[in-house]
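This report refers to the structure that appears directly beneath it.
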Amino acid sequence: MPPILPLTSYSLTLFLAYIHRAAPPVLSGKRLPVAHQRGLQHWLKLPNNPISPEQYRLHWQLAHQVNFIKSSGQHLIVTPRAISWLHDDPAEQHTSLTCALDQLIRQSSNTPASEMVYLNYAHQHLCRTRSQDDTNMLPPAYWLGEPEDDAWYFCLTPQLKPWLLFQLLQLGEWQPEQPLCCTPISLHQAMGRGYSWEKLFWLIEQATRCPFPLKARQQAHRWQRQNLAYHLEPTWLLTTAQPEQLATLLRQKRFRQPHVRQISPRQATMPLSLRPTLDRWLNNRGLVLNGPNPHRETMSIDGVKDEALHWLGLRVLVGLSSYIHLPCPPPHPQLEEQSHQLS
C-alpha cells in the first residue's frame, strides 16, 4: 500500500471547501465539534487509505498558520486570502504551501516528537513533488448518465483546478470516491450562500468543458419554481383601536400594498423595515407606536445615524462581491431592508 500523502493542494482545497460549506461552530481552544472533525477527516480520506489524526491536525494547523480560516462570531469561515490562493497557478500554490509548512516546523519547538516526525515527512514530500499544469485532454468533470428529475450526478476528477473544485463542492453532496450529487435542496442552499443559477451553469460548463444541457436547464427552471412554492418572511402585526384608524393609515401611499397587507378591519401586517417610517408618521401627528422597537435610531459618529453607517457597510460588501468571492453570501436582502429604513 502506498504511503499516505500528508498534504497536497488537492487535500487543502477539500479542507477549505468543507469549512466554507459547513461553517462549523468553534469550541473553546479553537476546536471543532467531534461531528465536524469526523466530517473533515472523511473528506480528506484518500482512496484505499484511512485518514490519520496527524493528517487532520496538519491541515488544521497550516490553515491557521497562513490565515486561510478564521473565527467569525461563533463560526469558522474561509478568508479572502484562501480564495486568492485557490486561484493561484499550481507552481505558486506549491511554493506557498512549502514555505508555510517550513515556518510551521520552525515554530513547533514544543511539539511532541511523533508529530515533529510527521511534519518533517510532510515537508520532505512537498519538497520532492512539483505541481504541474493540467495537460490531460479529458474533461476534469463529467455528467454521470442523463440529468434525472430529482438529482444531477457528476464525476469529479483530480484534473479539476482547485478554485473550480472548491466551488463545485458547494453545490451538492459529495463523499470521497463518490459522485457529486446536486439536488433541488442542495442547490437552493447554495443560492442562500450567494450563488445564482447563471453562475451555477457557468461553473458546470467550465468543469465539463461542454455546454450546459438543455434538459438540465429546463429541470433547473422547474426546481426554481418548486423552491418558491413556500415563502416565510418576518413581519410586524399592526393592531389599531378602531377600524377607521387603520383605514386612514392605509390611505397613505407609503403604507399601501404590497408593503402593508390588511388581514382584518383592525389588523395589518407590514415588513420590519417600515417600523421607523410608521414611527415618524405617527409622531408627526402627536401619536406614539406601542410595542418593541429593534430599530431605535441612535447617533454614533459625528452625528451620523447608525442606520446610515450600516447601509454604507452593506453597500461596500455588495460592491466587493462583484470583484472577489466573499466568505459569506452578498447581503442583498439586508441592504434592501436598510434602504427602506433610510427612505
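The values are calculated or read from the model by the stated rules, or taken from the named source; none is laboratory data. Note that the coordinates shown come from a computational prediction; the quantities given were computed from them, not determined experimentally. Heads up, the Cβs are rebuilt from the backbone with ideal geometry, glycines too, and the neighbour counts pull from every protein chain shown.
Within the stretch 187-217, being outside any helix (DSSP H, G or I) and surrounded by 11 or more Cβ atoms within 10 Å (Cβ to Cβ) holds for R193, G194, Y195, R209, C210, F212, P213.
So that you can scan it fast, the table gives a plain yes or no per residue for (1) modelled with pLDDT under 85; (2) over 21 Å from P331 (Cα atoms); (3) not in a loop (DSSP other than H, G, I, E, B):
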residue	(1), (2), (3)
L238	no, yes, yes
A241	no, yes, no
Q257	yes, yes, no
Q262	no, yes, yes
R280	no, yes, yes
G291	yes, yes, no
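Given the criteria surrounded by fewer than 16 Cβ atoms within 10 Å (Cβ to Cβ), polar (S, T, N, Q) and in a helix (DSSP H, G or I), does Q167 qualify? No, not satisfied.
Under the condition of being surrounded by 14 or more Cβ atoms within 10 Å (Cβ to Cβ) and out of contact with any His (no Cβ under 7 Å at 6 or more places or on another chain), the residues counted in the stretch 218-244 number 8.
Residue under question is P234, and the condition is that it be modelled with pLDDT under 70 and not β-branched (V, I, T); does it hold? Taking the combined requirement at face value, the residue does not satisfy it. Taken across the stretch 55-69, residues that are modelled with pLDDT under 80 and either surrounded by 13 or more Cβ atoms within 10 Å (Cβ to Cβ) or not hydroxyl-bearing (S, T, Y) (or both) do occur, with at least one present. Would you check if P139 is in a loop (DSSP other than H, G, I, E, B), touching a strand residue (DSSP E or B) at 6+ places or on another chain (Cβ under 9 Å) and either modelled with pLDDT under 80 or assigned by TED's automatic domain parsing to the domain that holds H20 (or both)? Answer is no for this residue. Can S96 be described as modelled with pLDDT of 90 or more, in the same structural domain as A17 (by TED's automatic domain parsing) and over 22 Å from K30 (Cα atoms)? Here the answer is no, as S96 does not meet what is asked.
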